[in-house]
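First comes the structure, then the notes that go with it.
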Amino acid sequence: MKILVTGGAGFIGSNFILYWMKNHPDDKIVNLDKLTYAGNLENLKEVEHNPNYTFIHGDICDTEVVEKAMQEVDTVVHFAAETHVDRSILQAAPFVMTNVVGTQVLLESALKNNVKRFHHVSTDEVFGSLNLDDPNKFNERTNYSPRSPYSASKAASDHLVRAYNITYGLPITITNCSNNFGPYQFVEKIIPLAITNVLEGQKIPIYGDGLYVRDWLYVEDHCRAIELVLQKGKIGNTYSVGGLTEDINNLTVAKKILRILGKSEDMIEFVKDRPGHDRRYAVDWSKIKNELGWQPLHNFDKWLEETINWYKINQEWWKRVKSGEYKDYYKKQYG
Ligand code: NAD
Ligand code: TYD
């Protein structure tokens, strides 16, 4: 099998490549990545000299580069995106360009090259926001109701992927997963931001009242979910992927991190809320569990400990990431 992975130098994409090459050593991987601020080839050191791995530095919006990358590919796993909600609020245009236009360029090329599977990695954020007391969770039949430029651009990309299946017969699958965490996550997202801030003696910034709820999915569990969808998923289908069965709010996540690191709750700092902040995401992942036999390997607390250990051991990685462009962003976002 020859897989084109887009955005393979990012958080989930690099974890996916490492996971895939370990478990399917005979498959060929082509990684097409623009290396934005979020792309980091250091994540892929382990495989960079593997003859079955090729890196192409390029933009998914560039038809020529995409055509080159698509040669002899039978499967596309599409991760490349602008992904941070706060950045989409500061500047929405790159989100529309990469997430919407880039996805359409890939779809067109996949169709032209008779790709056997186009797997699109999407988010639960396309479904909007649940109330804290809502008994319903997001599932494969939930209506789309995105509320941030990021989620709106991902929703548009999902619609395009489905349209290419229905209109042109492109064999697609989609996963809408919840918030991921784990090794190599860019430090702007709340869990690595909180861990690395505390390791540096800085406070954890918590937006608003901190009672916002996310469903948390460990990145390796997510990679296993994509693997199963590629192997056994039904063409044209969407699968919701989540990691929890009960709500955990942001304040509780911050307190768990502080407890594991042996620090006091005084390290929590309430800061200005995000505009249009979605109150709650909760995912019903019974379809992928019942149809494909997927479930998370461990619970949130165990994976959180593993993640904290990784950031403790790999301080050089995130210290490099925290320098440079990220410093300017942090100043703009947190003052
Ligand atoms: P990330 O921000 O860590 O990495 C994105 C990668 O895409 C980077 O390597 C970047 O260089 C690359 N990229 C950006 N624009 C590009 C372009 N125009 N052409 C080529 N490459 C480009 O993202 P992530 O957290 O790994 O997310 C991967 C995918 O999973 C995204 O599609 C995202 O919407 C989805 N997702 C992420 C989460 C999460 O919690 N991280 C949750 C649900 C869904
Ligand atoms: P984030 O990691 O940005 O992911 P998303 O917005 O895609 O869910 O944020 C996760 C939650 O944490 C969300 O409710 C916003 C909140 N948050 C904070 O409270 N403080 C922060 O500094 C950040 C980045 C996020």
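The values are calculated or read from the model by the stated rules, or taken from the named source; none is laboratory data. Because the structure is predicted, anything quoted here is derived from the model rather than measured. Cβ: placed from backbone, ideal geometry, glycine included. Neighbour counts: every protein chain shown. These area figures cover heavy atoms from the full protein model, side chains too; ligands, DNA and RNA do not enter into them. Shrake-Rupley method; radii C 1.70, N 1.55, O 1.52, S 1.80 Å.
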Long-range HN-HN contacts of ASN180 with modeled amide H, under 5 Å: LEU217
Label zone at VAL271, where the point sits 7 Å out along the Cα-to-Cβ direction: the range 60-101 residues whose backbone N lies under 13 Å: 86-87
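Ranked highest first by the average count of other Cβ atoms within 10 Å around their residues, in what order do 250-259, 228-237, 59-68 fall? Walk me through the intermediate numbers first.
Details: 250-259: 18.8, 228-237: 15.5, 59-68: 17.2.
Peptide ranking by packing, descending: 250-259, 59-68, 228-237.
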3J(HN,Hα) from dihedral phi, the range 119-126, Karplus parametrisation 6.51/-1.76/1.60, rounded to Hz, x for glycine, proline: 9, 9, 9, 10, 10, 6, 5, 5
Simple spin-label estimate for LYS232 and GLU72 in nanometres, 7 Å along Cα-Cβ: 3.1
Built amide H within the under 5 Å cut-off of ILE56, gap 5+: ASN31, LEU32, ASP33
Helix-derived mean residue ellipticity, 222 nm - over the chain, DSSP H n ≥ 4, -39500 (n - 2.57), to 500: -11500 deg cm²/dmol
Total charge dipole magnitude, the range 121-177, about the Cα centre, Cβ charges on Lys, Arg, Asp, Glu only, Debye to nearest 20: 180
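Evaluated at 25 °C with a viscosity of 0.890 mPa s, what Stokes-Einstein diffusion coefficient in µm²/s does the chain have when Rh comes from the Kirkwood expression over alpha-carbon pairs?
Rounded, D is 122 µm²/s.
Under a Cβ-Cβ cut-off of 12 Å, what is the net charge of the residues other than ALA93 that fall near it, where Lys and Arg count +1 and Asp and Glu count -1? Could you put the intermediate results ahead of the total?
Details: positive: ARG87; negative: GLU82.
Spelling it out: positives minus negatives among the neighbours equals 0.
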Helix 149-168 vs. the chain, principal-axis angle (Cα, 0 to 90°, nearest 10): 20
HIS298 - accessible surface, heavy atoms, 1.4 Å probe, Å² rounded to 10: 80
Charge tally in the Cβ shell below 9 Å around THR196, where Lys, Arg are +1 and Asp, Glu are -1, THR196 excluded: +1
Length-normalised contact order for the chain - Cα pairs under 8 Å, 6+ apart - percent: 17
Proximal lysines to LYS312, defined as alpha-carbon separation beneath 18 angstrom and excluding residues fewer than eight positions away on the same chain: LYS189, LYS203, LYS255, LYS256, LYS263, LYS302, LYS322
Heavy-atom accessible surface of the range 99-167: percent carbon and sulfur, 1.4 Å: 49
In degrees, nearest ten, helix 11-23 long axis to first principal axis of the chain (Cα): 60
Rounded to 10°, Cα long-axis angle of helix 190-199 versus longest principal axis of the chain: 50
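Can you tell me how the range 93-161 classifies by the Cα gyration tensor, rounded, prolate or oblate, using a/c under 1.5 as the rounded cut? List each step's numbers first, then the result.
On the way: a/c = 4.09, a/b = 1.81, b/c = 2.26.
The shape class here is oblate.
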